[in-house]
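Rule-based calculations on the coordinates, nothing more; no lab input. All values derive from a computational prediction rather than experimental measurement. Ideal geometry is used to build each Cβ from the backbone, glycine not excepted, and the neighbour counts take in all protein chains shown.
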Amino acid sequence: MMNKKLKPFDIFVYVILSVGAVSMVVPFIWTILSSLKTMGQTFSVPPTIWPDPIVWENYPESLQALPFGRAYFNSFYIASVVVVIQLLTASMAGYAFAKLKFHGHNFMFILFLATMMVPSQVTMIPLFIIMKNLGLLGTHMSLILPAALFNAFGVFLMRQFIASLPGELEEAATIDGASVPQIFFRVILPLVKPSLAAFGIFVFLGQWNNFLYPLIFLNKTETFTVPLMLNFFKGTYATDYPLLMAGTVISILPVLVVYLFFQKQIIQGIAITGMKG
Amino acid sequence: MLKRRKMWGWVFVAPQLIGLIIFALIPLVMSFGISFNEWDGIAPTMKFVGLSNYVRQFGNDDFKKSLVNTVVYSIMFIPLDLILALALALAVQKIKGKTLYRLFYFMPVVTGSVSVGVIWTWILNGDFGLLNTILAAIGIAGPKWLTDTKWVLPSIVIVSVWWNVGYNMVLLLAGLQNIPESYYEAAKIDGAGKWQIFKSITIPMLSPTLFFVLIMTMISSFQVFDQAFVMTNGGPVKASYTFVYHIYQNAFVDFKMGQACASSVILFIIILIITLIQMYGSKRWVNYDE
């Protein structure tokens, strides 16, 4: 294998793949370069590639223009709370469906599966009305509650993972006199940790990047999440591209850094969650 | 003992069950209910109008435009995205540097829709954008992508493929890795060519994954909204006004909750029909036995 010579077709494949890979990354690089330019450079014909001079001030300026720090905190807070509660409730329900076989569990599991077919846009308007009547509109609770307490896909996923665990472990613990919650927290949860991590990454990214729900539910800039703030930024500084690009870099940089460090776990996590569906 | 386990079953399922009822079942029923009424979302009472919200939708130019736009977008996006993802997965599968390529192709997937929209609004700018600069360098005069009614949907397709292709590629790659190596070896011993192996082993063995990816891509394609909202506001002259945009516009700009719910129920029915057709058709080509 090692000293096999590269055939022309292989070289062709490498070239095409590399061109594709470059076109995946160039938009990010172009955004960073644009964020360091002056207005004049941005709109010069023909366009310049390298910023000259480098205008670092675009960054403090865009951070000052809108409360991005606050938006970070909001996004992080919402996503973290949702992940913690969602992992707990989804694995509890998954355990109940996989192992506890309570009366009516089959029917109820089908009910969960059926709701996966309902597009979120169908429940979006009534949810808006429910949140309004509960007085939660405009608060982070309106985003956290539905996302943390209901995820049919997550319940399905955790049921699949827990169902594949051997039954003997549980039996042994039962004979030792362990109660159901003890078995769940001490035996089951440690065994499904990798699956929990994968599902957790999936939920966190989904929440972090969520746009439509915050757009509808939130109305004050101090409650805005990062995507919402960037959208607001775009509306306010539509023509100031360097500033807008700096804002974009600020919005995506943390996610990209985390991605570069944990790319293997993130990609595998998403592949696992995708495949089990 | 068994009785106690069953009791705990209810307790353990309770949080998600309450969530299911409050955040899925009740809203679903409400959506159907509101769709038979005229309501601005504020007034204390609704006016029952029967099926007229549905009838009115089909006579509404915006509704028809949004449906056509979404279908046209899907016809371009779904095959392009799937063929590219499959080609990439196959190409990357057994070469050196697989992890590095995967890293690059997956990068846009973790980026949020608004960032993607802002980045591409600038790249697709007709006068100063990067894409037209590159095209000009090789002697092509690029169109005014996002402000040309003919080019705006293809533009959004390009952006969506860039954004999504890595995700489908990773799923297909995982599917490819589940095909036992012995199958390929046996085929090679039998003297099968590359194309034969692809047709008789790779595709049938990959078919469950392909089917899953196809359904998910179709469903998400019909729900396209963020890109159009951020990049074009549905314009120019509603050329990128999508179905979900229509629901959003009806409900949260025009406050016609009845009509918005009717549209969302129609979306639900369309997605249901597409999925059922796919499931029925899948019996012909998806191979689930080991």
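Look at (1) surrounded by fewer than 20 Cβ atoms within 10 Å (Cβ to Cβ); (2) in a helix (DSSP H, G or I); (3) touching a helix residue (DSSP H, G or I) at 6+ places or on another chain (Cβ under 6 Å); (4) among the β-branched types (V, I, T) and you find that A:T48 fails only one, number (2).
Residue count for the range B:180-229 under the criterion of being over 21 Å from the mean Cα position of the chain (by Cα), without any contact (Cβ under 8 Å) to a residue 60 or more places away in the chain and either crowded, with 19+ Cβ neighbours inside 10 Å or within 23 Å of B:M279 (Cα to Cα) (or both): the result is 4. Looking only at residues in the range B:245-267 that are farther than 15 Å from B:N60 by Cα and without any contact (Cβ under 8 Å) to a residue 60 or more places away in the chain, the one that is farthest from the other protein chains (Cβ to nearest Cβ) is B:V253.
Report the residue count in the range A:211-235 for those that are of a type in the set (K, R) and crowded, with 18+ Cβ neighbours inside 10 Å. Break it down stepwise before answering.
Of the range A:211-235, the ones of a type in the set (K, R) are A:220, A:234.
Checking the rest, the ones that are also crowded, with 18+ Cβ neighbours inside 10 Å come to A:234.
Within the range A:211-235, residues that are of a type in the set (K, R) and crowded, with 18+ Cβ neighbours inside 10 Å number 1.
Checked against the criterion of being surrounded by 20 or more Cβ atoms within 10 Å (Cβ to Cβ), within 30 Å of A:P47 (Cβ to Cβ) and within 10 Å of chain A (Cβ to nearest Cβ), the range B:63-86 has no qualifying residue. A:P60: free of Cβ contacts under 8 Å to residues at least 40 places away in the same chain and either surrounded by 14 or more Cβ atoms within 10 Å (Cβ to Cβ) or farther than 26 Å from A:G206 by Cα (or both), yes or no? So A:P60 fits the description; yes.
Given the criteria more than 16 Å from A:I78 (Cβ to Cβ), surrounded by fewer than 18 Cβ atoms within 10 Å (Cβ to Cβ), among the aromatic types (F, W, Y) and touching a residue at least 40 places away in the same chain (Cβ under 8 Å), does A:F184 qualify? Here the answer is no, as A:F184 does not meet what is asked.
Of the residues that make up the range B:39-58, is at least one assigned to a loop (DSSP other than H, G, I, E, B), in contact (Cβ under 8 Å) with a residue 40 or more places away in the chain and over 29 Å from A:F150 (Cβ atoms)?
Yes: the range B:39-58 contains one or more residues that are assigned to a loop (DSSP other than H, G, I, E, B), in contact (Cβ under 8 Å) with a residue 40 or more places away in the chain and over 29 Å from A:F150 (Cβ atoms).
Between A:I85, A:I32, A:I16, the distinction of being within 14 Å of another protein chain (Cβ to nearest Cβ), farther than 30 Å from B:V92 by Cα and of a type in the set (V, I, T) belongs to A:I85 only.
For A:V15, the stated conditions hold: it is aliphatic (A, V, I, L, M), assigned to a helix (DSSP H, G or I) and without any contact (Cβ under 8 Å) to a residue 40 or more places away in the chain. Scanning the range B:268-289 for residues that are in contact (Cβ under 8 Å) with a residue 40 or more places away in the chain, more than 12 Å from chain A (Cβ to nearest Cβ) and of a type in the set (S, T, Y) gives B:S282, B:Y288. Tell me yes or no: at least one residue of the range B:102-120 is in contact (Cβ under 8 Å) with a residue 12 or more places away in the chain and surrounded by fewer than 17 Cβ atoms within 10 Å (Cβ to Cβ). The answer is no; no qualifying residue exists.
Just checking, does the range B:155-165 include any residue being under 26 Å from the mean Cα position of the chain (by Cα) and over 21 Å from A:A21 (Cβ atoms)? Don't jump to the end; show me each part of the working.
The initial filter retains those residues of the range B:155-165 that are under 26 Å from the mean Cα position of the chain (by Cα), namely B:155-165.
In the following step, the residues that additionally are over 21 Å from A:A21 (Cβ atoms) were identified as B:155-156.
Yes, there is a match, as at least one residue in the range B:155-165 is under 26 Å from the mean Cα position of the chain (by Cα) and over 21 Å from A:A21 (Cβ atoms).
Which of the residues spanning the range A:29-40 are part of a helix (DSSP H, G or I) and touching a residue at least 12 places away in the same chain (Cβ under 8 Å)?
As a first pass, look at the range A:29-40 and keep what is part of a helix (DSSP H, G or I): A:29-35, A:39-40.
Matches in the range A:29-40: A:T31, A:I32, A:L33, A:S34, A:S35, A:M39.
Scanning the range A:128-145 for residues that are in contact (Cβ under 8 Å) with a residue 24 or more places away in the chain and within 9 Å of chain B (Cβ to nearest Cβ) turns up just one, A:F128.
Residues that are touching a residue at least 60 places away in the same chain (Cβ under 8 Å) and buried (at least 22 other Cβ atoms within 10 Å of the Cβ) were ranked within the range B:12-38; the one that is nearest to the other protein chains (Cβ to nearest Cβ) is B:S31.
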